[in-house]
Every structure is written in C-alpha cells, then in structure tokens.
1. Applying the selection to the range 61-91, what residues are touching a helix residue (DSSP H, G or I) at 6+ places or on another chain (Cβ under 8 Å) and of a type outside the set (A, V, I, L, M, F, W, C)?
2. All but one of (1) of a type outside the set (A, V, I, L, M); (2) within 30 Å of Arg200 (Cβ to Cβ); (3) without any contact (Cβ under 8 Å) to a residue 24 or more places away in the chain hold for Thr117; state the number of the condition that does not hold.
3. Hey, any hits in the range 135-154 for a residue that's outside the structural domain of Arg19 (by TED's automatic domain parsing), under 27 Å from the mean Cα position of the chain (by Cα) and surrounded by 20 or more Cβ atoms within 10 Å (Cβ to Cβ)?
4. State which residue pairs qualify: first residue over 29 Å from Thr274 (Cβ atoms) and without any contact (Cβ under 8 Å) to a residue 24 or more places away in the chain and inside the range 138-167, second residue assigned to a strand (DSSP E or B) and of a type outside the set (A, V, I, L, M, F, W, C) in any location, beta carbons under 8 Å apart, and separation of 6 or more residues or different chains.
5. List pairs: first residue in the range 274-289 and within 13 Å of Tyr201 (Cα to Cα), second residue of a type in the set (S, T, N, Q) and in a strand (DSSP E or B) anywhere in the structure, Cβ distance under 6 angstrom, at least six positions apart or on different chains.
6. So if I check each of Ile26, Ile13, which one is within 16 Å of Gln312 (Cα to Cα), within 22 Å of the chain's Cα centre (by Cα) and surrounded by 21 or more Cβ atoms within 10 Å (Cβ to Cβ)?
7. Sort through Ala214, Ala190, Ala179 and tell me the only one that's surrounded by fewer than 20 Cβ atoms within 10 Å (Cβ to Cβ) and either of a type outside the set (Asp, Glu) or not assigned by TED's automatic domain parsing to the domain that holds Phe143 (or both).
8. Of these, Arg96, Arg122, which one is basic (Lys, Arg), at pLDDT 90 or above and touching a Phe, Trp or Tyr at 6+ places or on another chain (Cβ under 9 Å)?
Amino acid sequence: MFKRVLIANRGEIAVRIIRACRELGIETVVVYSEADAGSLAVQLADRAVLIGSAPPSDSYLRADRIVEAARQTHCQAVHPGFGFLSENAAFAQMVRDAGLTFVGPSPEAIRAMGLKTEALARVRAAGVPTLPSYAGNGLQEDFLRAAEQLGYPLLVKAAAGGGGKGMRVVRNSAELPEALEASSREAGKAFADNRLFLERYIESARHIEVQILADQHGNMVHLFERECSIQRRHQKIIEESPSPYLESRPELRDAMCQAALRAAQSVSYTNAGTVEFIVDAHTGEFFFLEMNTRLQVEHPVTEAIADVDLVQLQLRIAAGEPLPFRQADLYQRGHAIECRIYAEDPANNFLPSTGDLLCVVPPSAPNIRVDSGVRAGDSITIHYDPMIAKLIAHARTRPEAIRRLDAALAAYVILGVTTNIAFLRDVLAHPDFQRGETTTTLIERAFAAWQPPSPPLPDAVLIAAALSQLLQSGAPALNAAPAQSDPFSPWSRPDNFRVGA
C-alpha cells in the first residue's frame, strides 16, 4: 500500500479521499489555489501545496504543477477525484511518466472512452446496444443530410466530452444549424475540441448507470445500478439505488449490468468506472450513453447499498491488490438516495449564489451521510462549482429513504447564500417521484415555474411577538404586580426574565 498520496482536487471530494486514506494509514497531500488556502481539505491533509491563483486554469488544471507537487512531497500515487483533470488522458500519462501511480484507469482507456465516437464504435463491437448516430467531418450540409436519415428529435453532442456540455436537443431541421454552431463553440471552450456528432434522442427516457470495478489481475465486477433521471440541463441532482424502474425488471437489470462489463472489457479497463445508459421507458430498450472513467459524484449511494468503500477499493486496486470479493458475494441492501445541495437560486434560472457561509449546521441522524468540503466562514465563489454538500439517506425501503432524506433536508441549516434545499424537497414530494415514475424531463416539465414556498412562522415566534406587543401596549393584566408580593422579586416582574437558559 502507498505511504503518501497526492489528491489532485478540492472541496468535498478531497475531504472524502483524505478520510479514506486515513483509514488505510496513508498520508495525504492536497494541492490548493489561493482561494482555497483556508479550506477544510487543506486543514485535514497532512501537507498542502499552493499551486496557483483562484482560476482553475492557473491551479487545478495545471497538470505540470500538480505532478511537480507530488514529486516534491515524495508521493507514490495521485488520486484525481472527479472533475478537473480526472478524465484527462494526458494528465494520467504525465503521472505515469513521472514514475507515480495514477489512481484510476490507464491513459489508453481514458482516451478511448473520452472520445465518444470511438467509445461508441468499441462498445458496439462488443455487443452493447447503442443509439443510431452520425459522426461527420464537420460540414454542416453533411450533418443536415444525416439528420434527415436518422430522424428527429436528435441530440447534438460533443465528441470529446460529457457532463451536458456542448449538448443540444434538436426537433427539426430549422433548429439544427444554430445548435451545431452553439454546441461547437461550447465544446471547444470546455474540451479544447469542437468536434460533434448526432444521436437519436429518446423523449421518454430514464438515465441508469452501472458501477464497475476491475483489478489488475483480470477480475471485474459490477456493483449494480444507480438511477439518475432527475436532471436539469443534463446535470444530475438526485440519484438513487436501486433503480425503481429496474426493481420489477430483474432480467433487464442483469442485461444492463452484463453490458456494462462488456463495455469496460472492450478497453481493458481497471479501477472504478461507470457505464451510463439511456432507457426508453416505454419499450424497455437500453442504449449505451458513455463511460465515465473516474469516480462519480453519486458513488455514496452505491457504497450504501453494496456496503463497500469505493475510494479505498480504488487505492487497493491501484496498489496492485486483487478485488476482495467476487460477483456472487455482492447484493443490494435496502435503498439509498442522494441529493446535491447547491448554492443556487432555482427560482431564478438556477443562477449560482455566491457569498460567505454565515452558518452551516448539517443534519445528524442514523443512516444519514453528509459529504461536504465547506463549513461556516467559507465562501462560495465564482471560480468553482457551487455544490455545498451531498446528502445521502439509506433505509430498508424506498419510501423510508425518501422520508428520511426529506427530514434531513428540513433540518439542514445554511445561511448566507441561497440554496436549492426547498426545491429538492418539492421534487422529492412530487407524485411522479414518489411513485418512481420519473424521466429525464421531469424538472423541465413539472418545475419550470417553480417558486419557493412561503413557510409559516413557528408558534414560538408568534407567541413571542404577541407577548412583546402586550408589554409594549401596557396591558394592565401584565403590568400589575401580584398582591402581597415582594416588589423586588424577579417572579413579580412581567418581563422576559427566565431562570436557567
């Protein structure tokens, strides 16, 4: 096992990796930007190295500075977390060339799955279902011709990336030229590669993904599925496992899990990865979407139902250890749901809410997990993703997990910025979600005009206000001293004096 690991990330994932390393007796080194000098990750790590100013392009995306920091602090391995350089094949190669271990798949696997058109070709050859698609030469007339053959609606997608960037839904030929231009521009900015491809768009879709693990000894398992159909702008906000759609379809679950393994095997995959599928809710057909060659934000729900620590398993695999279990040893335990708590305003087009966190009090209850990298006094800035925390509830059944998660959201206190907590509670309460009948269009269909509820004032506030009004108005019944009492006794004074607290 490694003695010291550098964490090439920030926020809650850096804190999560630090805690996993501590349990394995591994020292941790974090890199940080000037904006994160006082962060929780910097405080918790054994060592911290400043690598640049606040903009990611001058810090967390500087592969050269990160590798040099690992060298200077005598680390044996680099854990990329998720986001930033986690799916960057050149960074993984740079880590390898420096004589360090990259805690993740090989650069070759990252590269193969990172280019979406190549990934589609590989998994299709492995017998994994894929949607009809077209990867052209960039000429608009060829895309227009191919679109007519594929049929509308279509998705315009970036060939070199994911996460919803460079993605547009096109419903007719008139919309396609503008969508191609906008997607190309966004893809070039996000991935330094403006290549696009077209893919058939499924209107009534469910987004289901499969977690896989593979060691360096030829062993590979899946850890079942997660459903991520609750999305906005193709970004997940609520994830759960097991999928309510697959609960009554065990044959479909097995087919998807086996397809995920075949997709991973097509690139000789090692370490943790996630194979994502789109499922037609009407027909039950499923299609390969992409493979994320890293740890996922929503990995805690899999950890809850499979009773594993995925970060520790990543480290063990990277250190050359075999998987400690076989497929037959794994089964699903209860139900887990995760929601992402953001500093954003859902009533104002989900615009980020920046500012200081004046008060942060996370909920504390059995089977409630909070993954966060911030605390009171920290700031939400324009430089990074505005996620404050991930909140995870685990229970025996799905209804119990929903109730437990809602109670935890109600108890979560965050002051100083606007959050999406009230919005998340309304999504959990929606009849479609309660029944498990959700698709990827639920948010835009049911919450397009969402406004925060006006909460009723607590009884204690109303009582205090009433008493204060009576005192200020000089009510005789309150101001009159009781007969035959000591005028200096606090018990005779009609004010706010209380014994004790």
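1. Listed by number, the residues that qualify are Asp64, His79, Pro80, Gly81, Gly83, Glu87, Asn88.
2. (3)
3. Checked the range 135-154: at least one residue is outside the structural domain of Arg19 (by TED's automatic domain parsing), under 27 Å from the mean Cα position of the chain (by Cα) and surrounded by 20 or more Cβ atoms within 10 Å (Cβ to Cβ).
4. So the pair list comes out as Gln149/Tyr134.
5. Hits for this filter: Phe287/Thr130; Phe288/Thr130.
6. Among Ile26, Ile13, only Ile13 is within 16 Å of Gln312 (Cα to Cα), within 22 Å of the chain's Cα centre (by Cα) and surrounded by 21 or more Cβ atoms within 10 Å (Cβ to Cβ).
7. Of Ala214, Ala190, Ala179, the one residue that is surrounded by fewer than 20 Cβ atoms within 10 Å (Cβ to Cβ) and either of a type outside the set (Asp, Glu) or not assigned by TED's automatic domain parsing to the domain that holds Phe143 (or both) is Ala190.
8. Arg96
The values are calculated or read from the model by the stated rules, or taken from the named source; none is laboratory data. Quick caveat, the model's predicted, so the values are computed rather than measured. With ideal geometry, Cβ positions are generated from the backbone for all residues, glycine too; neighbour counts draw on all protein chains shown.
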